[in-house]
1. Any residue in region 159-176 that is closer than 26 Å to LYS200 by Cα sitting within a Cβ distance under 7 Å of a residue that is modelled with pLDDT under 90 and part of a strand (DSSP E or B)? List the pairs, counting only those 6 or more apart or interchain.
2. Counting only residues that are modelled with pLDDT of 95 or more and either within 19 Å of GLY94 (Cβ to Cβ) or not charged (D, E, K, R) (or both), how many does region 10-32 have?
3. Does THR134 satisfy the condition of being among the β-branched types (Val, Ile, Thr), touching a strand residue (DSSP E or B) at 6+ places or on another chain (Cβ under 9 Å) and surrounded by fewer than 17 Cβ atoms within 10 Å (Cβ to Cβ)?
4. Can you find even one residue in region 6-16 that is within 20 Å of GLU98 (Cβ to Cβ) and either without any contact (Cβ under 8 Å) to a residue 12 or more places away in the chain or of a type in the set (Ser, Thr, Tyr) (or both)?
Amino acid sequence: MRLAELPVGTGILFDVSIQKQELEFPSEVVEVHDNFILTKPVMSKGKVVGLGGEGVSVSLTYSRNDKAPIVWKGVGCSVVKTKGRVLYKVIASGAGFEVNRREAFRLFVGLEGIARVGTNRRAMDVILKDLSDTGFAFVVDHEIEDATGLSVRLVFKDFDRNYDLTGFIVRLVKVEEEKYVYGCRMTMRNQLINHYISMKQRQMLANHSGANIRNRDNYGLLNALKEKEEPVVNESDLDRKYISDVDKSERRKIFDGRNPGKII
């Protein structure tokens, strides 16, 4: 399939790779031309974020109902201004190809958190390794007895707020002598988490755009497996009614409350 065959108004995804860190951004086809398409740009703090630069690779994905997605690898993406609008001009070197159905996008985080595994166990300090809208993984320095299938509630802090994850353990991977990674499947879906993932990706891409790779979040995975990383504090526009602004010691008290969300 050629890019020019995409109808105007079609929803697409930009998959951006920055030094092994994968980011994902939704967009929409605005205009179609013979050799390129124009799409809505990625915005961060009211500014268009460039998808070019050294060490950046961009692919475009078109998801279809009841059919395999189509992907264009290594597309060229430049910022242009036309008819008073700032858009992306996307050029592909060849036709797109079908791929297996996409799994949920997983964002590497690498931040401290508090987790309670099971119903009658004490809360413990963990590192949130990665996160998607369907699951998450955390790192601890000891093996949890009979962990598979146990419920998990994890609270972590970023953008000066607390986020609440609920799920159950589905896998264990030992990565070092005293480092264990537990993969969890979500049991409660919270739109605030989707908002967080989107905001985090935009922050990471904006920090990289037009500058050398110096964004600390690109090293989230390494920090999760080695040393604990301090939370990133930044201004945001999230609705304060969902999450209280509390410090680490108070996060343990959150376990007495409930996590607003939709049961999957």
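The values are calculated or read from the model by the stated rules, or taken from the named source; none is laboratory data. From a predicted model like this one, the values you see are computed outputs, not experimental measurements. Positions of Cβ are backbone-derived with ideal geometry, glycine not excepted, and every protein chain shown enters the neighbour counts.
1. THR166/MET188
2. Result for region 10-32: 3.
3. Yes: the conditions hold for THR134.
4. yes
Okay, residues lined up against (1) modelled with pLDDT under 80; (2) among the aliphatic types (A, V, I, L, M):
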{"site": "GLY167", "(1), (2)": "no, no"}
{"site": "LEU172", "(1), (2)": "no, yes"}
{"site": "GLY183", "(1), (2)": "no, no"}
{"site": "MET188", "(1), (2)": "yes, yes"}
{"site": "LEU192", "(1), (2)": "no, yes"}
{"site": "LYS200", "(1), (2)": "no, no"}
{"site": "ALA211", "(1), (2)": "yes, yes"}
